[in-house]
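Asks: Here it is, the structure in full.
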Amino acid sequence: MDFRDGAHNLYHIIVASLHIGKLRYLAVVIESEEAHQTSKVIKLLQWLDSVGVKNVCLYDMNGVLKKSKDTIFQIMKNAKSIEEVNEDVTHHAPDHMTLEFVSYVDGKEAVAKAANLIFVENFKRHDIGGELDHQILLESHLNQALQIVGCKGPEPDLLLVYGPVRSHLGFPPWRIRYTEIVHMGSLNFMRYGSLIKAIYNFTKVRHNYGT
Amino acid sequence: MTFLSCRFAIFCFKVASRRAAPSRSSSKRSSSSLSISWLSSPSRGTSVRKDDAPVSTGITASVPYVSRKGVSPVVECGVPMPAELREELMPKHVAVIMDGNRRWAKMRGLPPSEGHVALVPPLRMVVKLCLCWGIKVLTVFAFSTENLLRPKLEVDFLFSHFERTANSEIEAIMRERIKITVIGDTSKLPKSLQKTITIIEEKTKDNSRLHLIMAINYGGKYDIVQACKSVAKKVQDGIIHLEDINENIVEKELKTNCTELPYPDLLIRTSGELRVSNFLLWQLAYTEFFFHKKLWPDFGKDEFVEALKSFQQRQRRYGFLS
């Protein structure tokens, strides 16, 4: 048995000991130039599936991954789109993967659309004189409006960034309040071991949320 | 699987994953560290000097230094820029999440209040280095909307500590020509602190050497919601039309629009946490993150230089749509 076989077996041991239930929703941000490498993206998803990560949001700024959606679903036959899943994705039975595809338009633009929706609804309710009650706009209203304009995904617990930059490249700002962000390096050099380590480190961290 | 075999497996996994990680590029502008981000020791860059002259002569008085090439000067203030940093690659806007104060106190058997007191010296140090090295905006996360849920005694101490510190530092702030702005829901703060904030903002509004933005009772979602409310008010007042609302309109109403440089180039977070914790959610889209394990009270000049050096070695992407 050479070293790599040994390492592979050790990964299995580590994976078996992961508290993968702590990772309810994972986001993967890929720099758009690297996102064209669909085969690598699929390989990453297969790794995640094998480890037990079932809910994944794929993001790249320019929507390259959205264009690769069909190809990805052809290969990942046990995966479903988040639009197909009715129940709360973080509570669904783990017999299939749920994939969400997100790009820049689902971030800041979506917040502007959601705010617009609230204003329009408010105008309809106060139609005499077109008075707008700006005080009614609360965080919960924006949450609901974002769902209506199509931003259904929850806040990811963990966000992995693949690419040369250590930023999240415009991932929907409304969804990353307490998301743990880990830079993984270039997708060209992605390693199974590094992925396992990132997930392992996440699952063993105790999270305070400012209180 | 027994406990010991599991522990052994974890140990071997750590060794294996270190070997499996790709080697780090040693070039000055490495495209990627290729390692898990919070192990953030950037690779060594070459020393940078302009025309073989030192970037800073270390004169303590504030004497403008003009480089031979006529590049914008770095005002001398007694802390020369380290050789491994380049003036032209300095971030214009640095944001800091000053995390770990309570843990620092707990590790020393001290009450949380001592951790909050220990917050000030490193902040003073970072402010000074920003002044010396030409960073124009420094935004610090002093108190989040979630922090209000902490024990009342601790919260009250924090607010009175902010007030005392602001009053005791005002002379130095004016001498160094620092502009102070507080962002956040100040309506929930004690009246005396609100008054202190108003006075200090008014007194410093014309200062321009460094803009220090203190986020107090601030939350990224709060900022977005209040921006949307401002937009709604403008629609109501006929200043803008409903159909004109887009992300740019919302962006202009965010609290960070108190500066011409609202988007941080670099975010530093201490204590090893790898999250933004509801800080500047909208503004951080292209911000480079630097996470450091040290607790904030232990954050020193070396750690700040490490963050700046790491920033300067990165290839920045601004997400231009191609």
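Asks: Residue by residue through segment B:290-301, what is 3J(HN,Hα) from phi via Karplus (6.51 cos²θ - 1.76 cosθ + 1.60, θ = phi - 60°)? Round to whole Hz and write x for glycine and proline.
Replies: 9, 9, 10, 6, 5, 6, 3, x, 9, 6, x, 4
Asks: In square nanometres, what is the average projected area of the Cα convex hull of segment B:91-184?
Replies: Details: hull surface 26.1 nm².
For segment B:91-184, averaging the hull's shadow over all directions gives 6.5 nm².
Asks: Further question: Which whole-angstrom value gives the distance between the alpha carbon centres of segment A:14-35 and segment B:86-122?
Replies: Here the two parts' Cα centres lie 30 Å apart.
Asks: What pairs in A:LYS22/A:LYS197; A:LYS152/B:LYS233; A:LYS69/A:LYS204 have C-alpha atoms more than 22 Å from each other?
Replies: Numbers: A:LYS22/A:LYS197 15 Å; A:LYS152/B:LYS233 28 Å; A:LYS69/A:LYS204 32 Å.
A:LYS152/B:LYS233; A:LYS69/A:LYS204, as the Cα separations exceed 22 Å there.
Asks: Which of the aspartates and glutamates could a cross-linker bridge to B:LYS309, judged by Cα under 14 Å and excluding same-chain residues fewer than eight apart?
Replies: Correct list for B:LYS309: B:GLU84, B:GLU87, B:GLU88, B:ASP265, B:GLU288.
Asks: If you take the beta carbon distance between B:MET125 and A:ALA16 as r and set R0 to 56 Å, what does 1/(1 + (r/R0)^6) give as a FRET efficiency, to the nearest 0.05?
Replies: On the way: r = 46 Å, r/R0 = 0.83.
Rounded to the nearest 0.05, the efficiency is 0.75.
Asks: Now for a different question. Could you derive backbone 3J(HN,Hα) for segment B:95-107 from the dihedral phi with the Karplus parameters 6.51, -1.76 and 1.60 (θ = phi - 60°), listing whole Hz in sequence and x where the residue is Gly or Pro?
Replies: 10, 9, 9, 8, 9, x, 5, 5, 5, 4, 5, 4, 4
Asks: Also, I was wondering about something else. Residues with amide H under 5 Å of A:GLY63's amide H, sequence separation 5 or more or different chain, H placed in the peptide plane at 1.01 Å from N; which?
Replies: Excluding prolines and chain starts, which carry no amide H, the hits are A:TYR104.
Asks: Could you check the spin-label model distance between A:LYS124 and A:ILE148? Points 7 Å from the Cα along Cα→Cβ, value in nm.
Replies: 0.7
Asks: Between A:LEU138 and A:ASN201, with labels modelled 7 Å along Cα→Cβ, what's the label distance in nm to one decimal, could you check?
Replies: 3.8
Asks: Could you name the lysines in cross-link range of B:LYS152, using Cα to Cα under 29 Å and dropping any fewer than eight places away on the same chain?
Replies: Of all the lysines, those that pass the test against B:LYS152 - Cα under 29 Å, at least 8 places apart if same chain - are B:LYS106, B:LYS188, B:LYS191, B:LYS195, B:LYS221, B:LYS255, B:LYS293, B:LYS294.
Asks: Can you compute 3J(HN,Hα) from phi for each residue in segment A:40-50, using the Karplus curve 6.51 cos²θ - 1.76 cosθ + 1.60 with θ = phi - 60°, rounded to whole Hz and x for Gly and Pro?
Replies: 5, 4, 5, 4, 4, 5, 5, 4, 5, 4, 5
Asks: Can you put B:THR186, B:THR287 in order, fewest other beta carbons within 10 Å first?
Replies: Lowest count first: B:THR186, B:THR287.
Asks: Further question: With r defined as the distance between the Cβ atoms of B:GLU154 and B:ILE240 and R0 fixed at 30 Å, what FRET efficiency is calculated, to the nearest 0.05?
Replies: Computed FRET efficiency for B:GLU154 and B:ILE240: 0.10.
Asks: Here's something else I'd like to know. Using amide H atoms built in the peptide plane, which far-off residues or other-chain residues are under 5 Å from B:HIS211 H to H?
Replies: Distant-sequence amide H within range of B:HIS211: B:VAL137, B:LEU138, B:LYS179.
Asks: How far apart, in nanometres, would the label points at B:ARG177 and B:HIS161 be if each is projected 7 angstrom from Cα along the Cα-to-Cβ direction?
Replies: Here the modelled spin labels are 3.2 nm apart.
Where a number appears in this text, it was derived from the coordinates with a stated rule and is not lab data. Since the structure is predicted, the reported quantities are computational estimates derived from the model, not experimental observations. For neighbour counting, all protein chains shown are included, and Cβ atoms are generated from backbone atoms with ideal geometry for every residue, glycine included.
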